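The values are calculated or read from the model by the stated rules, or taken from the named source; none is laboratory data. What you see is a predicted model; the values in this text were computed from it and never measured. In this analysis, Cβ positions are derived from the backbone assuming ideal geometry, glycine residues included, and neighbour counts consider all displayed protein chains. What goes into the accessible areas is simple: the full protein's heavy atoms, side chains included, and nothing from ligands, DNA or RNA. Shrake-Rupley method; radii C 1.70, N 1.55, O 1.52, S 1.80 Å.
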Amino acid sequence: MFNLPTTNIGGQELFVLEFGDIVAYFSPYTTALFVFALIFTALAIVSRPEKQMDIAFGGDAYYAKVVDPELMRFQRFMAIACGLATLGAMVTGDVFNFTLFASLVGITNIGIVAAYRNRHVLNAAFQYGIVAMLATVPLFGGAAIVVASTGTLSMWELFTGAVAVPLIAKAFLVLGVMGEGMAPFYVAKAEITRAQGAPFILMVHVSSLLLFLRVAEIVISM
Amino acid sequence: MKKQTALIAGLAAGGIGVAAGILAAAGYLPVWAAEILAVVTFPAFVIFIALWWNAKSGEEDIPFIGY
Amino acid sequence: MIEYLLFATFIGLLFHGIHRKVIARVQGRPGPPIWQEILHTLKFSFKETWIPKTASQTLFVAVVFVAIGIWSGALFILLSGGSLLLLFAVYLLHKIVEHGMGLSSGSPYGKFGAIRSVISAASELPLLATVAVIYLFTGSLSIADIAAYQQVHGPLLILAFPAAAAMYLVILSKMHYGPFSIIEAKEIVSGNMTEHFGVWRAGLEVGFALKTYVLLYAFVLLFIGPLPLGLALLLMLLVLISLSFVCAVTPMLSPYDTVTIQSLVTGALVIYIIVLGVVMG
């Protein structure tokens, strides 16, 4: 019944999962991304944060930071939520669903970073929050343009040659994902990675890179 | 890690990887399945074999630590 | 399967050794023997190994497994003619490995390396542009289709030279001792690898050897076409030696300069894509 129209991009579909009219699909590409998100979600669940060592500038002194269990629990919760949202975004077969998962990733990413009480980190998290909120406009706008111009949000329809998706919708989707994931922000706001909790901070990175990879597939296929 | 545990884990991983390759070549296992098995077992093989040969056997001399 | 992985590991390590040798000769030094990196990896695997007390233990060990795993997977994707997008994904996932490696130790040097690795996220953009150009030409992202296209139309190295140049820059940005290898710069000890010693370091060397093999092989396969293994290895060696020359004569750039150069190359490639889109309709 289901035949993925774009086998030359991510490979043939191996397995589909129907949720009403939303049909998630596992092609070699999306499965690989899914498995990778699963590995790092599992790591966020089982590993404990590192104990950061800091150098006091101007001397040989260094000091160890303590791990606050309350903070760790919150970060872990946010990291797992972020992992689940990423898992969803990797396999969903619906553009609006994808944008929802992407915005959820954005929210949980802010949560992971903003849990840490350090002025620089909180500043970076605040600015990132503004960008993530702004990015929801092109993100959902892109999905809205897709449905307005083609009448469907299902990737199974959009990926066929018969449906032409306007370039602006694709550009909006990419722009939205770049804002929701932190990818471009890494360059400007590296302070984010000062926050403690390596497995959780890493989840920020994992989710945004995987989102970017998925949106690349969607945009090329459409 | 105990020397024996590391050796068993390393050999098991290597054995599964080699067996998957042979089975795929003989046509008993799809090639993609053998490739996935190789990808999963190869890191374990490398790490555990290395852990095996640097693990202490418990019979070393006690290092000289001064008078 | 696993025997090919071992073969690729040894060739990759040998390539690393040749890389060091060529750099040394260009700079007028005798340099280490070319099998030095193989000995190096074996040496690390015999060293006493433990996990630092400050590290996030599970993650500290897991990244080593992931580093070897993703590049073994990438090798099989290349050999079986899978999706080029998947190869691109592995390249991006390598960034997560670098990042996790540095962060998991808790050491300030490792963390500086990790932060530099996120700063150099721009090194992925030329690769994405390369993927886009190849898609424009061949209409497919399956590596098998791309190889078939080149047998009909001639190598993409000539047809799409800017894309090949961008891919060359991508490989260069992952070479040791190169202008873009800011994450392992000596002013931050060994960057994100500082705290991974003993067996963990040996595992990482194996992963990086596979990475070098896969990237060079991908360059030959994507831009010159499918060749017999011996000829492909020879071409890979030639590409590697040219990269070594670049590494030998260029100083390491400052972190933000690497971002600027990689972004500029991406920009140039985007202009090329737009021009191509107009010309080819």
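At a glance:
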| quantity | calculated |
| --- | --- |
| Considering residues of segment A:38-57 that are open to solvent by 90 Å² or more (accessible area, probe 1.4 Å) and modelled with pLDDT under 85 only, the residue farthest from C:ILE51 (Cα to Cα) | A:PHE57 |
| Of residues in segment C:182-192 being within 16 Å of the chain's Cα centre (by Cα) and open to solvent by 10 Å² or more (accessible area, probe 1.4 Å), the one farthest from C:THR41 (Cα to Cα) | C:ILE183 |
| Some residue of segment C:103-115 being within 25 Å of A:PRO28 (Cβ to Cβ) and open to solvent by less than 20 Å² (accessible area, probe 1.4 Å) | no |
| Hits in segment C:121-141 - residues which are open to solvent by 20 Å² or more (accessible area, probe 1.4 Å) and either within 20 Å of the chain's Cα centre (by Cα) or closer than 18 Å to C:ALA74 by Cα (or both) | C:ALA121, C:LEU125, C:LEU128, C:ALA132 |
| When residues of segment B:5-56 are limited to those that are closer than 20 Å to C:VAL61 by Cα and not in a helix (DSSP H, G or I), the one least open to solvent (accessible area, probe 1.4 Å) | B:ALA55 |
| Filtered residues of segment B:33-60 (kept if at the interface with another protein chain (Cβ under 8 Å from one of its Cβ atoms) and at positive phi) | none |
| Every pair of residues 6+ apart whose Cβ atoms lie under 6 Å, when the first sits in segment A:53-69 and is more than 9 Å from every other protein chain (Cβ to nearest Cβ) while the second is in a strand (DSSP E or B) | A:TYR63/A:ASP54 |
| Any hit, segment A:205-216, residues being assigned to a helix (DSSP H, G or I), at pLDDT below 85 and closer than 17 Å to C:LEU103 by Cα | yes |
| Output for segment C:264-281, where each listed residue is under 30 Å from C:ALA185 (Cβ atoms) and open to solvent by less than 50 Å² (accessible area, probe 1.4 Å) | C:VAL265, C:THR266, C:GLY267, C:LEU269 |
| Test: residue in segment B:17-32 that is within 13 Å of the chain's Cα centre (by Cα), of a type outside the set (Asp, Glu) and at the interface with another protein chain (Cβ under 9 Å from one of its Cβ atoms) | yes |
| Helices (runs of 4 or more DSSP H) fully within segment C:2-84 counting 2 or more residues that are away from every other protein chain (no Cβ under 12 Å) and surrounded by 21 or more Cβ atoms within 10 Å (Cβ to Cβ) | C:2-26 |
